[in-house]
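Peer 1: Here it is, the structure in full.
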Amino acid sequence: MSQALEILNFEQQLAVQADSFPELAVLDKDGKIIDQAGFDAADLSDDKLVELMKRMIKQLVLNERSVKLAKQGRLGFVAPTRGQEASQTATSFAFNDDDYLMPGYRDIPQMIHKGFPIYKAFLWSRGHYEGNLMEGVNTWFPQIIIGAQFVEAAGIGLGMKKRKKDACAYTYTGDGGSSQGDTYEGMNFAGAFKANAVFIIQNNGYAISTPRKVQTAATHLASKGWGAGIPSIVVDGMDAIACYLAAKKAREWTVAGNGPVLIETITDRLEPHSMSGDDPLRYRTKESIEEWEKVEPLIRMRIFLEDKKLWNETIEADYKDEVNVEIDAAVKQADSVQKQKISEFIETTFEQPSFVQKEQIEKFREAGK
């Protein structure tokens, strides 16, 4: 075939796209290592494997308790995370305290793993200004504007590069977020300036109720990184070791000055998009959820660690009790924080209130509100 006709072979272009992103996997659904070299490259000691498992269990328990608290009316906005323990916790495990997390609203677990107090996460859910105070922890508050965190991560990553820091910014969005302009703009800017940044798209199948397959014609969401000229990979988002390995290597690449990396994790949201009225059975089947539950991250990690004599039911039960005690204390601490008054809502929203807003603040203060 001539070069001209080969270039004009559009069907071939589509086929190449489909074949260009093999899925990184190390631990299969049965808890068996299927890529020994990949496992060795992860360099996870027994102690680190146990710590990773504990963090995943903490995410699981936090989700269970947060969902219950939301149903009781004791929390505001809550985005469930069950099924995404590898995609969220295992990727974040590859970063350190000097790295800067730019979370989306579903990424509370990663913030807590970095040291953000659970009681403040509960206050954030309730809309209390103290939930946005991040002193001493390199994280920003959860971004509600879909995709905006990618732009912010690009800026922070560029600042780290200019200051020659051995650190990076890392950020998360969902498959729905990948359809937002901010997502591409953030990756494009970071790529152009070779910023220290790792972008993670958690492909959990649905942007609220919109299926991934109708969001874009792209075979893989990772291909959107190629449009920005950055290395991009697809990972089994139910495989904690593969997720950790992908994030570890991406971090090494970007802090070495090579520019950003995009990671697409193939995962599933096993519960509602949020506790604010979403019913997943209106846009997906119960059977599809059950199929994904069979391959969720904790099942394979339990089997793997039990085979290595590092984990058992007693260890897990004891650790869950420990986390529940921590959450009980966090609920009490959040409940003890003085509720905001209307005047304080205005004050904490505007750094420099206008004349009219100052009048409103005084008016509400005089009324004791």
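The values are calculated or read from the model by the stated rules, or taken from the named source; none is laboratory data. Note that the structure is predicted; figures quoted are calculated from it, not measured. Note that each Cβ is placed from the backbone with ideal geometry, even for glycine, and that neighbours are counted across all protein chains shown. What goes into the accessible areas is simple: the full protein's heavy atoms, side chains included, and nothing from ligands, DNA or RNA. Shrake-Rupley method; radii C 1.70, N 1.55, O 1.52, S 1.80 Å.
Peer 1: Below 8 Å between Cα atoms, with a sequence gap of 6+, how large is the relative contact order for the chain in percent?
Peer 2: Values: 643 pairs, mean separation 82.1, N = 369.
It comes to 22 percent, rounded to a whole number.
Peer 1: Please list, or write none, the lysines whose alpha carbon is within less than 16 Å of the alpha carbon of K294, excluding same-chain residues fewer than 8 places away.
Peer 2: By straight Cα distance, K294 reaches K29, K32, K286.
Peer 1: Rule-of-thumb check for region 1-124: C-alpha Rg over 2.2 N^0.38 Å? Display every interim value, and only then the final one.
Peer 2: Values: Rg = 20.6 Å, N = 124, 2.2 N^0.38 = 13.7 Å.
Working it through for region 1-124, the quotient is 1.50.
Peer 1: If you place +1 on the Cβ of every Lys and Arg and -1 on the Cβ of every Asp and Glu, how big does the dipole about the Cα centre of region 295-369 come out, in debye to the nearest 20?
Peer 2: Working: 12 positive and 17 negative charges, 62 e Å.
Dipole size: approximately 300 debye.
Peer 1: Next question. If the viscosity is 1.002 mPa s and the temperature 20 °C, what translational diffusion coefficient in µm²/s does Stokes-Einstein give for region 186-313 when Rh comes from Kirkwood over Cα pairs?
Peer 2: Details: Rh = 16.5 Å.
Result for D is 130 µm²/s.
Peer 1: Stokes-Einstein at 25 °C, 0.890 mPa s, Kirkwood radius from Cα pairs: D for region 104-143 in µm² s⁻¹?
Peer 2: Numbers: Rh = 9.8 Å.
Rounded, D is 251 µm²/s.
Peer 1: Let me ask you something else. About the Cα centre, and with charges only on the beta carbon of Lys, Arg (+1) and Asp, Glu (-1), how big is the dipole of region 88-152? Nearest 20 debye, please.
Peer 2: Details: 4 positive and 7 negative charges, 61 e Å.
Computed charge dipole of region 88-152: roughly 300 debye.
Peer 1: Select from region 47-96 those trypsin sites (Lys or Arg not before Pro) which occupy a DSSP coil region and have at most 16 other Cβ atoms within 10 Å, ordered by residue number. Mind dumping the intermediate values first?
Peer 2: Numbers: sites: K48, K54, R55, K58, R65, K68, K71, R74, R82; in loops: R74, R82.
When the trypsin sites (Lys or Arg not before Pro) of region 47-96 are filtered for loop state and at most 16 Cβ neighbours within 10 Å, R74 remain.
Peer 1: Going by amide H atoms built from the backbone, whose H comes under 5 Å of the H on G104, apart from near neighbours?
Peer 2: Q143, Y172
Peer 1: Taking a quarter of the surface of the convex hull around the Cα atoms of region 99-189, what do you get in nm²?
Peer 2: 6.0
Peer 1: Step through the residues of region 238-244 one at a time and calculate ³J(HN,Hα) from phi using the Karplus curve (6.51 cos²θ - 1.76 cosθ + 1.60, θ = phi - 60°), rounding each to whole Hz and writing x for Gly and Pro.
Peer 2: Result, rounded to whole Hz: 9, 9, 4, 5, 5, 5, 4.
Peer 1: Can you work out ³J(HN,Hα) from phi for every residue in region 222-237, in order, using Karplus 6.51 cos²θ - 1.76 cosθ + 1.60 and θ = phi - 60°, giving whole Hz and x for Gly and Pro?
Peer 2: Per residue, the Karplus-derived 3J(HN,Hα) values read 4, 4, 5, x, 4, x, 9, x, 10, x, 9, 9, 10, 10, 5, x Hz.
Peer 1: For region 150-165, in order, what is each residue's ³J(HN,Hα) by Karplus, 6.51 cos²θ - 1.76 cosθ + 1.60 with θ = phi - 60°, in whole Hz (x at glycine and Pro)?
Peer 2: Residue by residue, region 150-165 yields 5, 5, 5, 5, 4, x, 5, x, 5, x, 5, 5, 5, 8, 6, 7 Hz.
Peer 1: Not counting the cut sites, what is the longest span of the chain without chymotrypsin sites (Phe, Trp or Tyr not before Pro) that DSSP labels loop and that have at most 14 other Cβ atoms within 10 Å?
Peer 2: Working: sites that count: Y283, F350.
So the longest stretch without any such site is 1-282.
Peer 1: Something else about it: Out of the total accessible area of the chain (probe 1.4 Å, heavy atoms of protein only), what percent is carbon and sulfur?
Peer 2: Values: 9310 of 17850 Å².
Within the chain, the accessible surface is 52 percent carbon and sulfur.
Peer 1: While we're on this one: Treating cross-link reach as a plain straight distance, find the lysines whose alpha-carbon is under 21 Å from the alpha-carbon of K363, omitting any fewer than eight places away in the same chain.
Peer 2: Candidates past the 8-residue exclusion: K339, K341.
Peer 1: If you don't mind, there's one more thing I want to ask. So for the chain: antiparallel DSSP bridges make up what percent, rounded to the nearest 5? Intermediate results must be reported in sequence, preceding the final value.
Peer 2: Numbers: 3 of 27 bridges.
In the chain, approximately 10 percent of DSSP beta bridges are antiparallel ones.
Peer 1: Kindly provide the helix-only [θ] at 222 nm of the chain, computed as the sum of -39,500 (n - 2.57) over DSSP H runs of four or more divided by all residues, to the nearest 500 deg cm²/dmol? Can you show the working numbers first?
Peer 2: Numbers: 15 runs with 171 residues, N = 369.
Helix contribution divided over all residues of the chain: -14000 deg cm²/dmol.
Peer 1: Calculate the dipole size of the chain relative to its Cα centre from +1 charges on Lys and Arg beta carbons and -1 charges on Asp and Glu beta carbons; express the result in debye to the nearest 20. Each step should come with its number before you reach the end.
Peer 2: Working: 44 positive and 54 negative charges, 202 e Å.
That gives a dipole near 960 debye.
Peer 1: Still on this structure: What's the center-to-center distance, using Cα atoms, between region 251-312 and region 1-68 in Å?
Peer 2: First find each Cα centre; the distance between them is then 10 Å.
Peer 1: Can you work out the base-10 log of I(q)/I(0) for the chain at q = 0.12, 0.15 1/Å, using the Debye formula on its C-alpha atoms alone?
Peer 2: The computed values of log10 I(q)/I(0) come out as -0.94, -1.39.
Peer 1: Pull up the cross-link candidates among the lysines for K249, meaning alpha carbon to alpha carbon under 20 Å and not fewer than 8 places away within one chain.
Peer 2: K48, K114, K161, K164, K165, K194, K224
Peer 1: May I pose another question? Choose one of L75, G157, N324: the residue whose Cα lies farthest towards the positive end of the charge dipole of the chain (beta-carbon charges +1 Lys, Arg; -1 Asp, Glu; about the Cα centre).
Peer 2: The listed residue farthest towards the positive side: L75.
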